[in-house]
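Quick notes on the structure that follows.
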Amino acid sequence: GLSPQALVDDTEDVSLDFGSEEELALRKARIRHPLATFFHLFFRVSGIVTYLFCDWFSNSFVSCFVTILLLLSFDFWSVKNVTGRLLVGLHWWNQIDEDGKSHWVFEAKRVPTIAASTEAEARIFWFGLIICPVIWTMFFFSTLFSLKLKWLALVIAGISLQTANLYGYIHCKLGGQKASRETSRLFGTADVPKRQSRRISEDGTEEHGKTGTR
Amino acid sequence: FPGLADVSISQDIPVEGEITVPVGSHSPDEDYSTLDEPVKDTIMRDLKAVGKKFVHVMYPRKSSALLRDWDLWGPLVLCVSLALMLQGGSADSKDDGGPQFAEVFVIIWFGAVVITLNSKLLGGTISFFQSLCVLGYCVLPLTVAMLVCRLVLLAGSGTVSFIIRLIVVGAMFGWSTLASTAFLADSQPPNRKALVVYPIFLFYFVISWMILTFTPQ
């Protein structure tokens, strides 16, 4: 609504406070986290490119293997811990409580903030997340049928790491949607909890709830 | 209170209102601090956690860090360094030690997965990734042994060097096995401990054998 100053006098010069210029630029920008977007795609695409063109870079199998493995690991870590949170507001992790029971927690941020993600970022995120495991699966079959079996270990590692992230984020997304449907049914749209999360224990029991820690 | 004595409710009056229970404090600033912490902080935190676990392996005690805050970075680094040090032992230099490198990798990870599945089938309470974490981190003594062996082999490869390597590898093998059983055996029912320890023994024995029989060309 209008700030109180605007109602004082029609002839007065009034400055309405829209927030600082940076915030305004941030709200208008189509990509609010350029660095995160870049790194989300950088490690995955570099891994694939290195795998395809490793013969051009180096004769050594070992250095290619180690390079691709490191790229895949950095990609897994950055997508899981950084770009997911920044680009789509989702986060998943494993927590072990005092009894030694292991829980998988899937969290979805629901209240948009000023620096929250845009649609372009979300589209880039999901595109990168889905297409790369598909490409690595194609590599798996091409390696298998061309009998270049020494690369098989690497391709399997790539598929596992990227599919793990894909699976985790899909779980977060579905959990958030399911919980938001239940929430609108129970509370109407007035009292929307800030974060929805699901905890899944390793033995399969599931609990919904709001989490605070971690 | 005489006035209140006359008060009586003859019909059911619907009572409505709102009960809000504050679930922790979710101010926007706190969201930023947990979900949007600077990336450098996250990296430093994870690096420190990995370093702490390396220390806990060298001095095996009941450690919650290894068991509860598991991660697989340490095992990855150890596996890669061990595989790097073990390659170059084949006569076929054209192949660049390719198969050996991938073999070591597969042996370590596949072996660790099989042991974990075994302990879970025997009714262990420890989770899949915790077990992988412990087994991976306990490869550290053997990686040190490999380093020592390579240094000893630079000096010469006679009988004396073999005896030194045998002693070092044997000691590190014992250390690895003891460290990992210290962490893993507790999660098993008492009559199954031997069934769990035996595959771990075999796993580290195979790795020690690869280290001991390594001869550079």
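Residue check, residue A:31 against (1) outside any helix (DSSP H, G or I); (2) under 13 Å from the mean Cα position of the chain (by Cα), all met but one. Which one?
All conditions pass for residue A:31, except number (2).
Mind counting the residues in the range A:35-69 that are in contact with a Ser or Thr (Cβ under 8 Å, 6 or more places away or on another chain), among the β-branched types (Val, Ile, Thr) and more than 13 Å from chain B (Cβ to nearest Cβ)?
Looking only at that region, the number is 2.
Would you confirm whether any residue within the range A:115-125 is in contact (Cβ under 8 Å) with a residue 24 or more places away in the chain, closer than 22 Å to residue A:31 by Cα, at the interface with chain B (Cβ under 9 Å from one of its Cβ atoms) and not aromatic (Phe, Trp, Tyr)?
Yes - at least one qualifying residue is present in the range A:115-125.
Would you mind finding the one in A:62, A:66, A:82 that is among the β-branched types (Val, Ile, Thr), at pLDDT 85 or above, under 25 Å from residue B:129 (Cα atoms) and over 10 Å from the mean Cα position of the chain (by Cα)? Break it down stepwise before answering.
Details: A:62 fails: under 25 Å from residue B:129 (Cα atoms); A:82 fails: over 10 Å from the mean Cα position of the chain (by Cα).
Exactly one residue qualifies, and that residue is A:66.
Filter the range B:182-206 for residues that are loosely packed, with under 14 Cβ neighbours inside 10 Å and outside any helix (DSSP H, G or I) and give the result.
B:189
Going through the range A:180-203 one residue at a time, which ones are farther than 30 Å from residue B:120 by Cα, within 14 Å of another protein chain (Cβ to nearest Cβ) and either surrounded by 15 or more Cβ atoms within 10 Å (Cβ to Cβ) or modelled with pLDDT under 65 (or both)?
A:183, A:187, A:188, A:190, A:191, A:192, A:193, A:194, A:195, A:196, listed by residue number.
Condition first: over 21 Å from residue B:109 (Cβ atoms) and either in a helix (DSSP H, G or I) or touching a helix residue (DSSP H, G or I) at 6+ places or on another chain (Cβ under 8 Å) (or both). Now tell me which residues in the range A:142-165 satisfy that.
The answer is A:142, A:145, A:146.
Being among the small types (Gly, Ala, Ser) and surrounded by 21 or more Cβ atoms within 10 Å (Cβ to Cβ) is the filter; apply it to the range A:85-122 and report the residue that is modelled with the highest pLDDT.
Step by step, filter the range A:85-122, then rank; the result is A:89.
Identify, from the list A:72, A:87, the residue that is touching an Asp or Glu at 6+ places or on another chain (Cβ under 7 Å) and more than 7 Å from every other protein chain (Cβ to nearest Cβ).
Result of the check over A:72, A:87: A:87.
Conditions tested, residue by residue: (1) part of a loop (DSSP other than H, G, I, E, B); (2) at pLDDT 70 or above.
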{"position": "B:3", "(1), (2)": "no, no"}
{"position": "B:10", "(1), (2)": "yes, no"}
{"position": "B:22", "(1), (2)": "yes, no"}
{"position": "B:32", "(1), (2)": "no, no"}
{"position": "B:42", "(1), (2)": "no, yes"}
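Residue by residue through the range A:69-79, note down the ones that are more than 11 Å from the chain's Cα centre (by Cα) and either outside any helix (DSSP H, G or I) or without any contact (Cβ under 8 Å) to a residue 60 or more places away in the chain (or both).
A:70, A:71, A:74
Just name the residue that is nearest to residue B:132 (Cα to Cα) out of those in the range B:169-181 that are of a type in the set (A, V, I, L, M) and surrounded by fewer than 21 Cβ atoms within 10 Å (Cβ to Cβ).
B:178
Working only within the range A:82-107, note down all residues that are part of a helix (DSSP H, G or I) and among the aliphatic types (A, V, I, L, M).
Once the filter is applied, which keeps residues that are part of a helix (DSSP H, G or I) and among the aliphatic types (A, V, I, L, M), the range A:82-107 yields A:82, A:86, A:87, A:88.
Under 21 Å from residue B:194 (Cα atoms), away from chain A (no Cβ under 14 Å) and assigned to a helix (DSSP H, G or I): which single residue out of B:119, B:176, B:161, B:131 fits that description?
Checking each option against the conditions leaves just B:176.
Inside the range B:129-141, can you point out the residues that are within 20 Å of residue B:118 (Cβ to Cβ) and touching a helix residue (DSSP H, G or I) at 6+ places or on another chain (Cβ under 8 Å)?
First pass over the range B:129-141, keeping only residues within 20 Å of residue B:118 (Cβ to Cβ): B:129-139.
Listed by number, the residues that qualify are B:130, B:131, B:132, B:133, B:134, B:135, B:136, B:137, B:138, B:139.
Within 20 Å of residue B:80 (Cα to Cα), small (Gly, Ala, Ser) and at pLDDT below 85 - does that describe any residue in the range A:36-55?
The answer is no; no qualifying residue exists.
The values are calculated or read from the model by the stated rules, or taken from the named source; none is laboratory data. None of these values were measured; they are calculated from a predicted model. A quick note on method: Cβ atoms are made from the backbone with ideal geometry, for glycine too, and the neighbour counts reach across all protein chains shown.
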